[in-house]
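Report on the following structure.
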Amino acid sequence: MTAHRRGLIAAMLATPLMRPWPGRAQPAGWSPSRPVRFVVPFPAGGATDVVARVLGERVQERLGQPVVVENRTGAGGNVGVESVVRAAPDGHTILMGTTGTLTVNPHLYASLPFDPAKDLAPVSMAFATDHVLIVNPNVPARTAQEFLALVRARPGQLSYGSAGAGSSTHTVAELFKMVAGVDIQHVPYRGSAPALNDTVAGTVQVMLDQLPSAIGQIRAGTVRALAVTGPRRSGLLPDVPTVAEIGLADAEATSWGAVMVPTATPAPAIGRLNAVVVEALAVPAVQERLAQAGADAVSSSPADLAERIRAETEKWGRVVRAARITVN
């Protein structure tokens, strides 16, 4: 690995870990006067949607108003985000933002009609999910070390599937390639499910899928899990090492979701929303339901979330530029 590449990777991964936010009781100060619209910028059934629905159930109990999850899809999540940016900043519209919509898309779409950093205000982190390196069972590698030896011996001969250009399954894979110094061809799909299906079929041999999406196929034995990208081993795959354990600490990455509101939302509303979200995510039953979906409950202060968004916007911008990722 060249000194230039080592420097680039070190700069990309200089992203602080989000520290837990214990939360403190806050005076009500603000309460919604009508149902709260909780926008999910992706289709129903995915990890982001599942977390929003579990969280929404608990939050509405504390707010005293229904929390209605609304799936607004399109343009890599931009349609849903814009609907929140344009909403009245009164606390009655909230967004489940994600790594992609908040920190990657600004580097992919040159003509975004909004700027997440300026047009949205942070409330709290909500969840984090690991990615998992999976291979088709016919790939002659039983461990991550054997896989790395294989792809280094056969540059450009293996291919990986992703949910599409600029998706987390694309950007995390490109980060992995850069840190490992390997050449694996990218095959974009229209969604994670068809990419995973083709990994099972052997049309592509590799994928760095989100754990909630891949866990069923891993348990069924139709794909082999070699490493997870989180900071620690997953409780769902306790025998699978982390990327740090296989010598690729700089490939650590998680996909995450966070509650956001339009930027001019009054501070009392943001404070109350933060308090109820933090409280909800501390409930063991909520944590267990998220864990079953492959997600970790993670809360934060608005300030810590703002710092995470800033740092990861820089990090993924470097990945997008270095890998020359573009969208049509």
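Bear in mind these aren't lab numbers, they're just calculated from the coordinates by the rules spelled out. Everything numeric in this text was worked out from a predicted model, so none of it was measured. Note that each Cβ is placed from the backbone with ideal geometry, even for glycine, and that neighbours are counted across all protein chains shown.
Taking 0.36 nm per residue of separation and subtracting the current Cα-Cα distance, fully stretching the chain between residue 142 and residue 68 would add 22.1 nm. Summarising the label geometry, the points placed 7 Å from Cα in the beta-carbon direction at residue 157 and residue 190 lie 3.3 nm from one another. The phi torsions of the range 161-177, fed into the Karplus equation with coefficients 6.51, -1.76 and 1.60 and a -60° offset, translate into couplings of x, 9, 6, x, 4, x, 6, 5, 6, 8, 5, 5, 5, 5, 4, 4, 4 Hz, rounded to whole numbers, with Gly and Pro shown as x.
Taking other C-beta atoms within 10 angstrom as a stand-in for reagent exposure, 31, 234 fall in the order 31, 234, fewest first. Classify the range 148-242: rounded, prolate or oblate, from the alpha-carbon gyration tensor (a ≥ b ≥ c, eigenvalue square roots; a/c under 1.5 rounded; otherwise prolate if a/b is larger than b/c)? Verdict is rounded for the range 148-242. Around the Cα centre of the chain, unit charges on the Cβ atoms of Lys, Arg, Asp and Glu (plus for the first two, minus for the last two) sum to a dipole of about 240 debye. In the chain, helical runs assigned H by DSSP with n ≥ 4 each contribute -39500 (n - 2.57); averaged across all residues and rounded to the nearest 500, the mean residue ellipticity at 222 nm is -12000 deg cm²/dmol.
Our estimate of slack between residue 44 and residue 282, defined as 0.36 nm per intervening residue step minus the Cα-Cα distance, is 83.3 nm.
For the chain, the longest principal axis of the Cα atoms and the long axis of helix 47-63 meet at an angle of about 20 degrees.
Taken along the Cα-to-beta-carbon direction at a fixed 7 Å, the label points for residue 323 and residue 110 span 2.1 nm.
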